[in-house]
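Down below is the structure, laid out as structure tokens.
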Amino acid sequence: TAIENALDDVRVVHARDVRSAVELCRGATWSLALLDYRLPDGTGLDVLEALREVAPGVPTVMITAEGSESVAVEAFRQGASDYVVKGPGYLTDLTNRVQALVESA
């Protein structure tokens, strides 16, 4: 992925739904969480809420294709570190933001 290519010594793990993501949150230590807003069984906000309970200090980036101001506000209210809207060129922007968060940790 773009994130793996941009960062040295990084391991990316994917979860396809809220349930799987919550299990991953409970079972490991993470440097960063990248959450898509739309998931088959809920939203990235559901994962963010669970993550804040088990690992409150993990930097978190919410990504979405919607660009909803209310989703952005709620993500930041729940402790997201950043919010990125999918669109042309977003992968470069996302990669730069993730890199900055990982390097500042």
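The values are calculated or read from the model by the stated rules, or taken from the named source; none is laboratory data. From a predicted model like this one, the values you see are computed outputs, not experimental measurements. Positions of Cβ are generated from backbone atoms using ideal geometry, with glycine treated the same way; all protein chains shown enter the neighbour counts. Note: areas computed on protein heavy atoms with side chains; ligands, DNA, RNA excluded. Shrake-Rupley method; radii C 1.70, N 1.55, O 1.52, S 1.80 Å.
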Quiz item: Between Ser20 and Ser70, what is the FRET efficiency for a Förster distance of 22 Å, r being their Cβ-Cβ separation, to the nearest 0.05?
Solution: 0.25
Practice problem: Would you grab the residues whose amide H sits under 5 Å from the one on Ile63? Only those 5+ places off in sequence or on another chain, please, with H modelled 1.01 Å from N. | Solution: Leu35, Asp36, Tyr37, Val84
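Rg/Rh for the chain to two decimals, with Rh computed the Kirkwood way over all alpha-carbon pairs. Present the calculation step by step, with values, prior to reporting the outcome.
Numbers: Rg = 12.8 Å, Rh = 13.9 Å.
When Rh is taken as the Kirkwood radius, the ratio is 0.92.
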Quiz prompt | Over the chain: helical MRE at 222 nm, DSSP H runs n ≥ 4 each giving -39500 (n - 2.57), nearest 500 | solution = -14000 deg cm²/dmol
Quiz prompt | Accessible area in square angstrom per residue, the chain, 1.4 angstrom probe | solution = 60
Quiz item: Mind listing the phi-derived Karplus ³J(HN,Hα) values for the stretch 97-105, rounded to whole Hz, using 6.51, -1.76 and 1.60 with θ = phi - 60°, and x for any glycine or proline?
Solution: 5, 4, 4, 5, 5, 5, 5, 7, 6
Practice problem: Project the alpha carbons of the stretch 66-105 onto their principal axes and report the range along each, largest first, in whole Å. | Solution: 28, 27, 6
Quiz prompt | Amide H contacts under 5 Å for Gly42, placed H, 5+ residues apart | solution = Val18
Practice problem: Using a 1.4 Å probe over the heavy atoms of the protein chains, calculate the carbon and sulfur portion of the accessible area of the chain as a whole percent. | Solution: 49
Quiz item: Where Lys and Arg each count +1 and Asp and Glu each count -1, what net charge lies around Ala72 among other residues with Cβ under 12 Å from its Cβ?
Solution: -3
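Once you list every other residue whose beta carbon is under 12 Å from the beta carbon of Asp93, what net charge do they have if Lys and Arg are +1 and Asp and Glu are -1? It would help to have the intermediate numbers written out before the result.
On the way: positive: Lys86, Arg97; negative: Asp82.
So the environment of Asp93 carries a net charge of +1.
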Quiz item: Among the trypsin sites (Lys or Arg not before Pro) within the stretch 1-77, which fall in a DSSP loop and have no more than 12 other Cβ atoms within 10 Å of their own Cβ?
Solution: Arg11, Arg16
